[in-house]
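Beneath this line is the structure, given in structure tokens, with notes to follow.
Bear in mind that the values in this text are calculations on the coordinates, not laboratory data. Bear in mind that the values here come from a model prediction, so they are computed numbers and not experimental data. All Cβ positions, even for glycine, are placed from backbone atoms using ideal geometry, and neighbour counts span all protein chains on display.
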Amino acid sequence: MLGLFVIALLIIIAILGYLITPDRTPNANDQVLQIANEQPGFKITFLKKKKSKEIDHRAFFIGKMLHGKENSYELIPLISWKVEGTEFFAEQYGGKDRATIPMRYHLADLVYSVSNTDTAIDIQDDQIAFTDFEGNKISTTITDLKEQVESKQIVKRNFLLGTDKFGRDVLSRIIIGVRVSLSVGLIAVIISLSIGVLLGAFAGYFRGRFDDFVMWFINVVWSIPSLLLVFALSIALKRFIDNPLWIVYIAVGLTMWIEVARVIRGQVLSLREMQYVEAARALGYGDMRIVFLHILPNVIGPVMVISASIFANAILVEAGLSYLGIGVQPPAPSWGGMLNENYGMLLTSNAIAALIPGFAILISVLSFYWVGNGLRDAFDVKTNLKSNT
């Protein structure tokens, strides 16, 4: 039940995605190099300076939940700041053991970003007029600008799990990394079941030469180490698929079907001799109907157990591929990729950046194994009979 609870929690996190991440940019890749390698609980004040470019406004579902949305502002870490007239003065945080950097901005440039071509700013008493980078004529008051800067452009952030070497929020990347791990596991299960169930069922039911060929093919593939086979498939698939994530999906899925085929074949070999199968043959039912409607529904239990094992193994393989640089490519967040980026920090005071993704892999894999063991016990008739007696 604990494993099932963790899996349900991971699924909810994966669905919500960018809605619950502090960093909602695509791939949680908002880099602030001045705050790189900060420890968990690090707090700092940011200045949100308007970017001088047009931002793509996506729909809520596509933008915020699936792919994230680029910030319309640049984050600048501050030590101190003050407003004098229409000018904003601040001391920028330069990083650990580094001197602060003095800054000076016009208030209009922080909120609207003044045009680079038409930089004229007309000020009359409390009124101010200027042109923004999109060419729009803006007329407002200095008082309103000050209020907007103080209420909206100055924000405080708390990095609960610290930052990595690029100044990115570790918590946000861990959350988005859940999607990668679960999606790889899900597609690996679908591919492996599609191949393994069909081959195993037909081999066990028809036997003969087809069974001999399937068992020979299984033994050949089984003799190749799984990780090496995934490497080979990944390299081969690069010629046909451009998306690195889909390469991982397919490569992992094509290496996980062997155990499924072996288990299903063994189950079908025993079930094909049962009386209800003989009765179906006597009634004149075709082989395909007998296999799909009478035999396969009776092997759902073993299939569910082995699916949980495949899910866990797929998460491990994907993490290994990403750690070695063959799997999900940066800046997409992957737990294995985060380990690769931060393993050098294990002996430093900020070892948490490397320990957290490793802990996430450990907990998710253990949860699927726990669920698999629970399903095995639940579908084990002999164990249930002993416990009842």
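Descriptive notes on the structure:
- On the beta carbon distance between Ile12 and Ile241, with R0 = 22 Å, the FRET formula returns roughly 0.15.
- Over the stretch 171-388, relative contact order from alpha-carbon pairs under 8 Å, at least 6 apart, %: 27
- Over the chain, relative contact order from alpha-carbon pairs under 8 Å, at least 6 apart, %: 19
- Using the average count of surrounding beta-carbon atoms within 10 Å as a protection proxy, the listed peptides 196-205, 239-248, 264-273 rank, highest first, as 196-205, 264-273, 239-248.
- Among the listed options [x] 20.5, 63; [y] 28.8, 99; [z] 21.4, 71, the one matching Rg and Dmax of the Cα atoms in Å as calculated from these coordinates is [y].
- Listed residue (Leu271, Pro26, Gly167) projecting farthest to the positive dipole end of the chain, Cβ model: Leu271
- Largest GNM mean-square fluctuation across Gln92, Gln148, Gln34, computed for the chain with C-alpha springs under 10 Å, falls on Gln148.
- As an equivalent ellipsoid, the stretch 241-297 spans semi-axes of 35, 13, 6 angstrom, where each value is the square root of five times an eigenvalue of the C-alpha gyration tensor, largest first.
- Taking all Cα pairs closer than 8 Å and separated by 6 or more residues, the relative contact order of the stretch 200-281 comes to 47 percent.
- Expressed as a fraction of 2.2 N^0.38 Å, the value expected for a compact globular protein of N residues, the C-alpha radius of gyration of the stretch 42-159 is 1.18.
- The translational diffusion coefficient of the stretch 171-388, from Stokes-Einstein at 25 °C and 0.890 mPa s with a Kirkwood hydrodynamic radius over alpha carbon pairs, comes to 128 µm²/s.
- Helical contribution to [θ] at 222 nm, DSSP H n ≥ 4, -39,500 (n - 2.57), averaged over the chain, rounded to 500: -16000 deg cm²/dmol
- Of Lys50/Lys152; Lys51/Lys96; Lys48/Lys82; Lys49/Lys165; Lys43/Lys69; Lys53/Lys137, pairs whose Cα-Cα distance is over 18 Å: Lys51/Lys96; Lys49/Lys165; Lys43/Lys69
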